[in-house]
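Readers should treat all values here as calculations from the given coordinates under stated rules, not as data from a laboratory. Just so it is clear, the model here is predicted, and its values are computed rather than measured. Here the Cβ positions follow ideal geometry from the backbone for every residue, glycine too, while neighbour counts run over all protein chains shown.
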There are 2 protein chains.
Amino acid sequence: MASQPTLKQLRYLCAVAQSLHFGKAAKACFVTQSTLSAGINELEQVLGAALLERSNKQVLLTDTGRKTVARSQHILSDIEALKEDAIRAQTPLSNSVRIGIIPTITPFILPRVLPTLHKDFPNLQLLIREDLSENLASLLLQGELDVLLLALPYPVNNTTSYHLFNDPFVLAYPTGHPLGEVKQLRTRDLKGHDILLLENGHCLRDHALEACKLQSSQLSLAFEATSLHTIVPMVANGVGISLLPEMAINEGILSGTKNVSTKEFTESGVWREIGLLWRAKSPRDSEYRLLGEYFKNNSSSE
Amino acid sequence: MASQPTLKQLRYLCAVAQSLHFGKAAKACFVTQSTLSAGINELEQVLGAALLERSNKQVLLTDTGRKTVARSQHILSDIEALKEDAIRAQTPLSNSVRIGIIPTITPFILPRVLPTLHKDFPNLQLLIREDLSENLASLLLQGELDVLLLALPYPVNNTTSYHLFNDPFVLAYPTGHPLGEVKQLRTRDLKGHDILLLENGHCLRDHALEACKLQSSQLSLAFEATSLHTIVPMVANGVGISLLPEMAINEGILSGTKNVSTKEFTESGVWREIGLLWRAKSPRDSEYRLLGEYFKNNSSSE
DNA sequence: GCGATGCCATTGGAAAAACCGATCAGTTAC
DNA sequence: GTAACTGATCGGTTTTTCCAATGGCATCGC
């Protein structure tokens, strides 16, 4: 014996309330009269209350019946809304996407991408969390974040990565620095110079070292900075040289700064790879690919 | 293939959302894991959306899943409330009762009954409609009223009647009128006198005539009044005699009136019967009997 | 009167579903 | 490697749902 009302029963009840006729109500519910009758009976059993007053002549609602019908209609329309919304929400990139981005990317990609993103996917709510790769990866695996925008490779178990583009490292040096004389800049030219990098934990640091095929020990690490924006004035003041991501320069990190020159490396491969990362099992895989494609097409300066 | 979410499915979903573990959720729902798994799958099918993100390690809610869980919890608690309220409402006389009363009863019974009624059944909401018997009967059959307080007999198809008490007719005459001299008043003494009664449609009129075993033709009908309260001053002014229900006198319809005397009949049966009437099939039959018992015990002047 | 009609309730059997136990496939832990 | 867990899947059984037919009751039309 069931002890909870069924949605079907509530539908039956509402149908009867509308026509005050079992036969018509049954037709409206696409069942036979006997089925509907049994359903109503069971509902009354469960509620321990008479909802309808039957006579051979007519069907009437009891007081409890009237109230129950009103509540049922609310519940049924709630169910309908739940379903409709869930289905509607399946349009790609129409819900919230919780994205984690590392601080060495955020300020140089969002200003370029966000405005058009909102225009192209008006129903997408991008929730952004900025943190170090390690913390973001943890949040991703906990399900607190949906997708990460990182410098790759960054190994995380059971994740899918999506390559966006390569972001070359550019040498930044105080104007007049000896390296300014080098015509064909190569990474080995950096050896022995005072070099400013971000503090430990920032993957930019590791990627820069790796891209330049350098060990920490081969460099004179002048100072460990906490953000790229604090490195620039230090370079300008002659504290040392640094390696800046091209996207930061394109986005104007040097604008208004004097005494800092830049030079690109002639070698290939002196870059960090920028990509997206998400849980491999995520059912929104295709959405994230779509998001990736969008970033790829809209984040470069061309 | 079902196209609507089931309450069971929503319950399964909420259980999984709570423990984030199919096995534990299944146990909480008293089903096997396979059953729960199938239920969740079907729900996702119906909604056309992934609600949960399964991996071998953990279960996570998707964005749509989170929203669906929230809505489901609301719906489930609504269902619970519907059930609870319907059950609670079954306490006798705890809902609204729509009662119809004729104008020759209302003012003489309600002031006496209502105050204690509300005290004894605080959850009873008595909705009162005053009209002629004929109109009330029609409303009763239409289901617009639940119970009638009438003078009986009043034949209505498919109704149950409940005897409350007999309300004797009392002769009211201008002080000094010849009938004042009669020691043992009998109904036949009325013949030939100018008698004031209510206009047609009021059952009081018919019942008075019937109780006195008189035909209209045997009386000199002085005037047809619209309410008992207008009859009293006419008697006082010597327009004629009248028959007043005892309950009206007990309730003080003559208080403050001079020149009107009353005299009871010595015969038995000179009364109208007061009773309740309701649809025979009404599921609240026992409640109405209870109400009747209450009226019986609390409407007399003793 | 008296059969025809219309109403909801009930019944018995057939169709559908829900459910379970066992197994599978994949990952983690040791 | 193996054992331990995870959720998914597969047959088979049990349960539920559903229908068509029937029943009981009152009314309507003649």
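Things worth noting here:
- For chain A, built as a Gaussian network whose Cα springs stay under 10 Å, the top-fluctuating residue of A:SER34, A:SER268, A:SER77: A:SER34
- Relative contact order for the stretch B:7-88, counting Cα pairs under 8 Å that sit 6 or more residues apart, in percent: 28
- Distances between copies at A:LYS57, taken between label points 7 Å from Cα along the C-beta direction, are 7.2 nm in increasing order.
- Neighbouring partner chain Cβ atoms per residue of A:83-90, average, 10 Å criterion: 6
- As a rough guide to protection, the peptides A:292-298, B:107-113 ranked by mean Cβ packing within 10 Å, highest first, stand as B:107-113, A:292-298.
- Rounded tilt (10° steps) of B:33-47 against the dominant C-alpha axis of chain B: 70
- Of B:ARG98, B:ARG129, B:ARG188, the one that fluctuates the most in a GNM where chain B has Cα springs shorter than 10 Å: B:ARG188
- Here the stretch A:111-147 and the stretch B:27-44 have alpha carbon centers that stand 32 Å from each other.
- Distance from the stretch A:225-254 to the stretch A:62-81 (C-alpha centre basis), Å: 64
- GNM result for chain A, Cα springs below 10 Å: residue of A:GLU181, A:GLU42, A:GLU84 fluctuating most strongly: A:GLU42
- Charging the Cβ of each Asp and Glu at -1 and of each Lys and Arg at +1, and nothing else, the dipole of chain B about its Cα centre rounds to 1240 debye.
- Counting neighbouring beta carbons within 10 Å and listing from fewest to most, the residues B:SER72, B:SER3 come out as B:SER3, B:SER72.
- Share, in percent, of DSSP beta bridges within the protein assembly as shown that are antiparallel, nearest 5: 65
- Report summary: the helix-based calculation at 222 nm, which adds -39500 (n - 2.57) for every DSSP H run with n ≥ 4 and divides by the residues of chain A, gives -12500 deg cm²/dmol.
- Label-to-label distances for B:ARG129 across copies, nearest first, come out at 6.2 nm, using points 7 Å from Cα in the beta-carbon direction.
- Nearest-first distances (nm) between copies at B:THR266, label 7 Å from Cα via Cβ: 14.5
- Angle of helix A:63-88 to the longest C-alpha principal axis of chain A, folded into 0 to 90 degrees and rounded to 10: 30°.
- Shielding score for B:64-75, defined as the mean number of other chain Cβ atoms within 10 Å: 4
- Principal-axis tilt of helix B:7-19 within chain B, Cα atoms, nearest 10 degrees: 50
- Averaged over the residues of A:46-58, the number of partner chain Cβ atoms lying within 10 Å of the residue Cβ comes to 5.
- For chain B, relative contact order (Cα pairs under 8 Å, six or more residues apart, normalised by length) works out to 20 percent.
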